[in-house]
Number of protein chains: 2
Amino acid sequence: MATHRLRFTADFLDPRAAATAASHLVDGPTATHLARTFAALADPTRLRLVSALSHVELCVGDLATLLGLTQSAVSHQLRLMRSLRLVKSRRAGRVVYYALDDDHIHDLFHRGLEHLQHQ
Amino acid sequence: MATHRLRFTADFLDPRAAATAASHLVDGPTATHLARTFAALADPTRLRLVSALSHVELCVGDLATLLGLTQSAVSHQLRLMRSLRLVKSRRAGRVVYYALDDDHIHDLFHRGLEHLQHQ
DNA sequence: CTAAAATATGATTAGTTGCTCATGTATTCA
DNA sequence: TGAATACATGAGCAACTAATCATATTTTAG
């Protein structure tokens, strides 16, 4: 949580508040990493894929039919989601089944939904 | 959570799995709305602003100094964050103080951090 | 009233993104 | 082996985004 030490010689209007803020400020690399995690959930298609896969695994074609998208669009998104460890794949013959890789993702997704309903 | 009724005459490879997925699939508008929430946290600068404001309010200039950004860049982000109800502002003379508008946002932010550390 | 300080905002731009289209790869079946 | 099925992928494009630069607005001090 704490960042590198700061010189408060810079003229802050409120040095005390700035010091408090600084002690909680996340550093750049951490912020970038965390931003990538949220960015993974910052797209309607990916959110719908997460919700579809939240209780059952599905193959690419069925996901495409379900969401009303082309197979290509879904496959591109799944590749991205796999690189981000959101989903994992399992091959069965010529069919590839996708499932959530991690409960945490579904948890974040659910927290987000709760946040929506609570306002 | 449940979406509109689906015709399963479409040839799903696995109709049972598809029906299960459909019952959990979020609809388009909800997904779009939720995506906007996550998108608000999908930027390193906004995440750092949230962390800075997590325990204290700060004025625009001090936020800019703290993050090492221009006043303009910070002001633009704060305007966006205000429109998304992430932060609220309070004017005191010619200084405008910003604070988190909602505990839920800090909660989501924290959940995300936990997710990072847990892998 | 005027200058200065603090913040807000419009225009522009480089970078990113999500989809489509065409094509490539892998696997099964006749 | 060859056709068909399921999925993956590269190129290209339109839409979006976050920063910069210049300028406008608001408020205080003199």
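Annotations for the structure displayed:
- The lone exception for B:SER72 - which of (1) of a type outside the set (Val, Ile, Thr); (2) part of a helix (DSSP H, G or I); (3) open to solvent by less than 30 Å² (accessible area, probe 1.4 Å) it fails: (3)
- Test: residue in region A:83-92 that is within 15 Å of B:ALA18 (Cα to Cα) and not in a loop (DSSP other than H, G, I, E, B): no
- Criterion applied to B:ALA99, B:ALA22, B:ALA35 was being facing chain A (nearest Cβ under 10 Å) and in contact with an Asp or Glu (Cβ under 8 Å, 6 or more places away or on another chain), and the one residue passing it is B:ALA35.
- Among the residues making up region B:75-96, those that are within 13 Å of DNA strand D (Cβ to nearest atom) and surrounded by 20 or more Cβ atoms within 10 Å (Cβ to Cβ) are B:GLN77, B:LEU78, B:MET81, B:LEU86.
- Subset of region B:93-108 [within 16 Å of DNA strand C (Cβ to nearest atom) and closer than 26 Å to A:HIS106 by Cβ]: B:LEU100
- Search result, residues across region A:36-68 that are near DNA strand C (Cβ under 10 Å from one of its atoms) and open to solvent by 70 Å² or more (accessible area, probe 1.4 Å): A:ARG36
- Flag if B:HIS115 is within 12 Å of DNA strand C (Cβ to nearest atom) and in a helix (DSSP H, G or I): no
- For the criterion of being near DNA strand C (Cβ under 10 Å from one of its atoms) and more than 30 Å from B:VAL96 (Cα to Cα), A:HIS76 passes.
- Test: residue in region A:7-17 that is closer than 21 Å to B:ILE105 by Cα and either of a type in the set (Val, Ile, Thr) or modelled with pLDDT of 95 or more (or both): yes
The values are calculated or read from the model by the stated rules, or taken from the named source; none is laboratory data. Fair warning: this is a prediction, and the values are worked out from it, not measured in the lab. Neighbour counts run over all protein chains shown; Cβ positions are idealised from the backbone, glycine included. In case anyone asks, the SASA skips ligands and DNA or RNA and just uses the protein heavy atoms, side chains included. Shrake-Rupley method; radii C 1.70, N 1.55, O 1.52, S 1.80 Å.
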